[in-house]
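Okay, so here's the structure we're looking at.
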Amino acid sequence: MEKAVVLPAFLSVLLCGIAFSTNLDYPFCHSTMDGYDGCLYSIAARNFNNYGIGKLRFGLCYDPGPVREHPEITLNHPPMVPLLVAFNFSLFGEREISARAVPFVFSLLAVLLFFLFLKNLFEGSAWFALAGVLAAAGQVVWTYYATLVDPMGPGILFVTAGALWAAERWLDSGKRAHLAWANFFLVFGFLVSWVSFFLAGLLGMWAVFFAKERKLPERFSFWILALVSGLLLLGWRAAASQVGPSPGIVESAGRWSILGMISGNGPISFSQALARVISFHKNLFFLPVTLLGLLGGISLLAFKRSLAGSRSLLLILVPVGVGLLQIIFFLQGAYIHEYFQLSLAPGLGFLAAFFFFLLWKKIPRFGRAILFLAVLVGVASLFRGYIETRRRWAPLLPHISEVKTAGRKLASLTSPEETLVSPLPPLFVLGFYAERRILCGFKDPGVLLETWRAWGGKLPGIGGVILWKDGSPDFVKVLKKIKLKGPIEMGPFNFWDARF
């Protein structure tokens with residue numbers, strides 16, 4: 001790396017690393033997606049270590065309880081993220097920082113690779129590359145979710161960054177080694193998230209139409225690789241589904257994708273989803289960067305024929321396309337999860353930097369001022385993302401350890417073989433810390449009463465009931481009637497002991 005590049009590259013990784021590290025060692029919190037997803041995939045990672053990869057056939061098991069003969073697995077995501085978390089757990093123990101280190105490293109590697117990619121696009125200008133990286137990384141959707149343990153998290157950014165860097169190098173040099181690297185990142189991406197297939201499709205489209213001096217098989221390699229990998233992953237799903245019960249492809253598509261909405265199986269309308277996605281965008285993106293990104297995109301399309309290296313510059317549009325396709329195809333997921341917009345952040349930030357780069361080329365006499373303004377916008381974006389991330393976490397900090405403490409207490413009150421029941425939504429955070437199986441969504445207290453009567457005043461196999469503190473009055477009446485021991489306070493929960 002040239003000496004002139006070292007300082008801006010170092011600054012990009014250092015500043016982004018500081019912005020991304022806010023919650024690295026925080027306990028998982030049940031009221032955030034960071035906590036919910038973090039524990040969900042940490043449980044899957046724990047089960048890879050407990051059951052063994054061979055037993056699960058790379059399927060994801062979200063059961064926080066003890067090992068059982070026939071585990072229930074889910075094939076809704078490829079296994080790479082939980083596998084890497086499992087590796088960290090085996091080395092450093094089951095700690096929050098061990099889990100979050102995986103997406104944190106993904107985020108930092110993405111920053112470095114995006115920097116190298118932009119430096120090549122911006123004619124070797126490392127400072128414009130720095131501006132683009134900071135503008136992208138400073139979006140709240142990245143600073144806040146930089147440590148999100150989820151297949152839809154920063155792993156997608158790492159894969160996108162690596163594939164774009166290698167594809168640009170391949171177009172410039174024609175070396176097969178660079179093409180091999182691009183395909184390597186795509187294969188890794190297929191094991192991280194289904195979104196990587198959008199990346200392969202768009203990258204293949206760029207290669208077929210804009211890399212015409214390269215050999216035809218090389219240009220089609222991205223599409224061929226996606227097709228072969230897709231068939232192999234379908235084979236994996238078929239093989240892994242034999243381990244235990246698991247939702248199929250049709251069920252998953254109906255739940256999360258726009259296909260379910262079109263078929264009428266979705267719980268929301270298109271207009272509801274679109275309104276929610278727009279409201280998320282307003283909160284997660286820095287408006288000046290969004291507006292500059294739109295100007296940059298329009299300028300790129302308007303001046304692409306007159307710009308040197310325009311075919312490479314068109315690669316900036318690839319992450320924009322990936323982000324939009326993810327939101328549109330997984331529209332029901334984007335309605336629920338604001339972090340589904342994460343993959344849109346790089347493209348907007350890069351286009352904002354490109355707008356300044358284009359001004360710099362068109363008005364060279366104001367070059368230094370334009371460069372200074374570009375870097376200033378990038379720094380302002382990152383600073384805003386950092387401050388907003390800390391603001392989001394601030395009200396949670398006084399009580400952030402409550403669920404972790406409650407989980408430890410629950411573990412001391414119950415036996416691993418017993419199942420706990422609750423009318424509450426999935427309690428993956430509590431289950432992760434307690435290492436107990438919690439049957440949630442148990443809405444009807446009358447069923448509990450009937451079971452108790454049928455078994456002669458016993459609840460076989462049930463260790464207790466978990467409720468919100470001062471909540472679920474109908475359940476409390478039944479629990480008092482069948483004389484469960486309680487309530488025992490556990491942070492935000494009450495526990496009723498069912499062992500008579």
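The values are calculated or read from the model by the stated rules, or taken from the named source; none is laboratory data. Model, not experiment: these values are computed from the prediction. As a convention, Cβ positions derive from the backbone with ideal geometry for all residues, glycine included, and neighbour counts pool all protein chains shown.
The rows are residues; the columns are (1) modelled with pLDDT of 90 or more; (2) at positive phi; (3) crowded, with 24+ Cβ neighbours inside 10 Å; (4) part of a helix (DSSP H, G or I).
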{"site": "Thr160", "(1), (2), (3), (4)": "yes, no, yes, yes"}
{"site": "Leu164", "(1), (2), (3), (4)": "yes, no, yes, yes"}
{"site": "Ala167", "(1), (2), (3), (4)": "yes, no, yes, yes"}
{"site": "Ala180", "(1), (2), (3), (4)": "yes, no, no, yes"}
{"site": "Gly189", "(1), (2), (3), (4)": "yes, no, yes, yes"}
{"site": "Leu203", "(1), (2), (3), (4)": "yes, no, yes, yes"}
{"site": "Lys212", "(1), (2), (3), (4)": "no, no, no, no"}
{"site": "Ala226", "(1), (2), (3), (4)": "no, no, no, yes"}
Notebook entry, point to check: Here are some conditions: (1) farther than 14 Å from Val421 by Cβ; (2) buried (at least 20 other Cβ atoms within 10 Å of the Cβ); (3) of a type in the set (A, V, I, L, M). Val465 meets all but one. Which one does it not meet?
Noted result: (1)
Next item on the list: Being of a type outside the set (Asp, Glu), under 29 Å from the mean Cα position of the chain (by Cα) and at positive phi narrows it down to one of Gly431, Gly461, Gly441, Gly457, so name that one.
Entry: Gly441
Margin query: So Leu358 ticks every box in (1) within 23 Å of the chain's Cα centre (by Cα); (2) surrounded by 17 or more Cβ atoms within 10 Å (Cβ to Cβ) but one. Which box is left unticked?
Written below: (1)
Margin query: List the helices (runs of 4 or more DSSP H) inside the stretch 49-142, counting only whole elements, that have at least 1 residues being within 22 Å of Leu427 (Cβ to Cβ) and free of Cβ contacts under 8 Å to residues at least 60 places away in the same chain.
Written below: 80-92, 96-121
Note to self: So Phe303 ticks every box in (1) within 20 Å of Val377 (Cα to Cα); (2) out of contact with any Leu (no Cβ under 6 Å at 6 or more places or on another chain); (3) not charged (D, E, K, R) but one. Which box is left unticked?
What the structure shows: (1)
Checklist line | Trp468 vs. criteria aromatic (Phe, Trp, Tyr) and without any contact (Cβ under 8 Å) to a residue 40 or more places away in the chain | finding: no
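Residues checked against (1) surrounded by fewer than 22 Cβ atoms within 10 Å (Cβ to Cβ); (2) part of a helix (DSSP H, G or I); (3) in contact with a helix residue (DSSP H, G or I) (Cβ under 8 Å, 6 or more places away or on another chain); (4) of a type in the set (Phe, Trp, Tyr):
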{"position": "Val403", "(1), (2), (3), (4)": "no, yes, yes, no"}
{"position": "Gly407", "(1), (2), (3), (4)": "no, yes, yes, no"}
{"position": "Ser412", "(1), (2), (3), (4)": "yes, yes, no, no"}
{"position": "Pro416", "(1), (2), (3), (4)": "yes, no, no, no"}
{"position": "Pro425", "(1), (2), (3), (4)": "yes, no, no, no"}
{"position": "Leu430", "(1), (2), (3), (4)": "no, yes, yes, no"}
{"position": "Gly446", "(1), (2), (3), (4)": "yes, yes, yes, no"}
{"position": "Leu449", "(1), (2), (3), (4)": "yes, yes, yes, no"}
{"position": "Pro460", "(1), (2), (3), (4)": "yes, no, no, no"}
Next item on the list: Any residue in the stretch 149-168 that's assigned by TED's automatic domain parsing to the domain that holds Gly323: show its pairings with residues that are in a helix (DSSP H, G or I) and of a type in the set (D, E, K, R) at Cβ separation under 7 Å, as long as the two are six or more apart or on different chains.
Entry: Val149/Asp37; Val149/Arg100; Asp150/Asp37
